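One structure below.
The values are calculated or read from the model by the stated rules, or taken from the named source; none is laboratory data. A quick note: this is a predicted structure, and the numbers were derived from the prediction, not measured. Glycine also receives a Cβ, built like all others from the backbone with ideal geometry; neighbour counts cover every protein chain displayed.
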Amino acid sequence: MRRFENIWVADGTGGEPYRATVLTDGPFIASVEREKVAGISAADTVDGGGLILAPGFIDAHGHSDISLIAAPKAESKVTQGITTEIAGNCGLSAFPITRLNRDHLEELYANYGQALEWTSIRSYMTHLRDRRPAMRLVCLCGHNTLRAAVAGYGKGDLSEAQLAEMERLLDRELAAGAPGLSTGLLYVPGKFADRNELVRLLKVVAARDGVYATHLRSEGDRLLESLAETLEYVRLAGVKRVQISHFKTAGKDNWSKLSPALKLMEDARTDGIAVTVDRYPYTESMTQLSVILPPPWDDMDDVEIQKMLRDPDTRARLTAELRQSRAPEYWERVRLASSAAPEWKGKCGRPIAELGGDPAATVIGILAADTASACGAFRGMSETNLDRILALDFCMPGSDGNALPADGSFGASHPRAFGAVAKFIRRRLDASGTIGDAVRRATSLPAGVFKLADRGTIVPGYAADLVLFDPDTIDSAADFSSPRRPASGIAMTVRGGETVFRA
């Protein structure tokens, strides 16, 4: 039995904090009493010092599928109060695995040094539980992994037999615990999926009352068309919950598209479709550095790109094509965010333009050494639009980051990995949002979207996943020069009744 006293409880429902005593019994919440509880002994009493006790924060959009196995202490997450992450996003999940995608996935995740010894969500979760991670993981089934399990990473329409096998595998994973399907329609091979393929898969999701989380085909020049495509497909399939991943308006020419995009969402919500979004509180995105390559390279997966770049003549031709396709000022808005290659590790966090020499040649050199884990950060979002998105009452925090160790052994990262949720709450409070609503966005809102029945609210019988924090100081000062700086204001993180972080 553990007692939390001298606290204010923000219980996740959105109401204002209230004075209470909370008792936990092993991995569960035992009672919540608005008056001090007397006569009940507790083996451990936590004096909260007048801080806020909230449900453990839920990272609504992460990518810890393999990193949590390699770094089960999840320091980047628990130091900012995260006790649950929704993983398997952007179409990339750790399952299903067949002979058609295993080698590719092992190359993609080689930096973590983990053999992929499973085939399905059931065997994957058993493997993960054996690592006793400090954070819970809830995994969507990723469309890119699913498609590759059936047809590999090549371009082209799928046969009826392949589509039927995708439906079967998806239904198996949903039945075994995946809360829904994710897509990454910017990436290979998901970008090759047509209307028929996606609607068929979404009908499987609808039959299981699952959620659809999507990285849109475009978050910039074709944002409105991509959002309209998503909403058309879910209407046709009968899906009722749609999560727009890291919702943004990328590129200055597209900043004006926020209002019409929100109108599309409002219309869908009026039609009974629960559209929600997640967002990290930064104006620099991060993704694979290879996304900047010109056609036809944009239709190749990273493993294929790295193999082709072993040829010096190919590197020279691609360097010339990339130089011609990008204006000189473009390179001032792109930085090397991470790389596992020894020659580039020490240069992470710096703009490409500051790395010396011809920027196009620099990028091709980075990709030739490390296509799979080389990531770029791209500056092109509006602070004003960021504030408007964060103010949406259906917007929740998503780090878009991995569970990482504090020692940097897995390389550099975007500062969002160590700070997104803490900074999200800080920005909401600084914008005159209430403590209750800021906590709701990071707890019961994502718990409802992803149907986490035992989390997101402090009530008896729910998991004892808790965070004790100071609303005056919660924040993150992590940046690209110091991306692993821990969040401030987090006093304690508790997962299943066990303390996984204490300041």
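Annotations for the structure displayed:
- If you go through the stretch 306-317 and keep only what is closer than 15 Å to residue 360 by Cβ, assigned to a helix (DSSP H, G or I), of a type outside the set (Ser, Thr, Tyr) and touching a helix residue (DSSP H, G or I) at 6+ places or on another chain (Cβ under 7 Å), you end up with just 315.
- All positions within the stretch 219-271 that are aromatic (Phe, Trp, Tyr) and free of Cβ contacts under 8 Å to residues at least 60 places away in the same chain: 233
- Scanning the stretch 318-334 turns up at least one residue that is in a loop (DSSP other than H, G, I, E, B) and not assigned by TED's automatic domain parsing to the domain that holds residue 412.
- Criterion: buried (at least 16 other Cβ atoms within 10 Å of the Cβ) and part of a helix (DSSP H, G or I) - qualifying residue of 149, 178, 250, 164: 149
- Test: residue 242 is under 21 Å from the mean Cα position of the chain (by Cα), part of a strand (DSSP E or B) and surrounded by 23 or more Cβ atoms within 10 Å (Cβ to Cβ): yes
- Residue check: residue 291 meets all listed conditions (1) within 27 Å of residue 389 (Cα to Cα); (2) in contact with a Pro (Cβ under 8 Å, 6 or more places away or on another chain); (3) not in a strand (DSSP E or B) but one, namely (2).
- On inspection, residue 186 fails the criterion of being out of contact with any Cys (no Cβ under 6 Å at 6 or more places or on another chain) and either part of a helix (DSSP H, G or I) or more than 18 Å from residue 144 (Cα to Cα) (or both).
- Matching residues, the stretch 364-397, being among the β-branched types (Val, Ile, Thr) and not in a helix (DSSP H, G or I): 371
- Failed condition for residue 495, given (1) over 15 Å from residue 50 (Cβ atoms); (2) surrounded by fewer than 20 Cβ atoms within 10 Å (Cβ to Cβ): (2)
- Among the residues of the stretch 243-270, the ones that are among the small types (Gly, Ala, Ser) and either in contact with a strand residue (DSSP E or B) (Cβ under 6 Å, 6 or more places away or on another chain) or not assigned by TED's automatic domain parsing to the domain that holds residue 231 (or both) come to 2 in all.
- Number of the exception - residue 400 against (1) among the acidic types (Asp, Glu); (2) at positive phi; (3) assigned to a helix (DSSP H, G or I): (3)
- Unmet requirement for residue 452, which otherwise passes all of (1) more than 19 Å from the chain's Cα centre (by Cα); (2) under 30 Å from residue 209 (Cα atoms); (3) not polar (S, T, N, Q): (1)
Table: residues versus (1) outside the structural domain of residue 251 (by TED's automatic domain parsing); (2) under 30 Å from residue 434 (Cα atoms); (3) of a type in the set (Ser, Thr, Tyr).
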{"position": "356", "(1), (2), (3)": "yes, no, no"}
{"position": "359", "(1), (2), (3)": "yes, no, no"}
{"position": "362", "(1), (2), (3)": "yes, no, yes"}
{"position": "369", "(1), (2), (3)": "yes, no, no"}
{"position": "389", "(1), (2), (3)": "no, yes, no"}
{"position": "396", "(1), (2), (3)": "no, yes, no"}
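- For the stretch 274-288, the set of residues classified as at pLDDT below 95 and touching a helix residue (DSSP H, G or I) at 6+ places or on another chain (Cβ under 9 Å) consists of 286, 288, listed by residue number.
- Hits in the stretch 289-307 - residues which are polar (S, T, N, Q) and surrounded by 22 or more Cβ atoms within 10 Å (Cβ to Cβ): 290
- Residue within the stretch 119-140 that is surrounded by 19 or more Cβ atoms within 10 Å (Cβ to Cβ), over 25 Å from residue 449 (Cα atoms), among the aliphatic types (A, V, I, L, M) and at pLDDT 95 or above present: no
- The one condition in (1) part of a loop (DSSP other than H, G, I, E, B); (2) more than 30 Å from residue 316 (Cβ to Cβ) that residue 264 fails to fulfil: (1)
- Scanning the stretch 336-355 for residues that are over 23 Å from residue 110 (Cβ atoms) and touching a residue at least 12 places away in the same chain (Cβ under 8 Å), we see that the one that is surrounded by the most Cβ atoms within 10 Å (Cβ to Cβ) is 352.
- Which numbered condition residue 189 fails, given (1) free of Cβ contacts under 8 Å to residues at least 60 places away in the same chain; (2) touching a helix residue (DSSP H, G or I) at 6+ places or on another chain (Cβ under 6 Å): (1)
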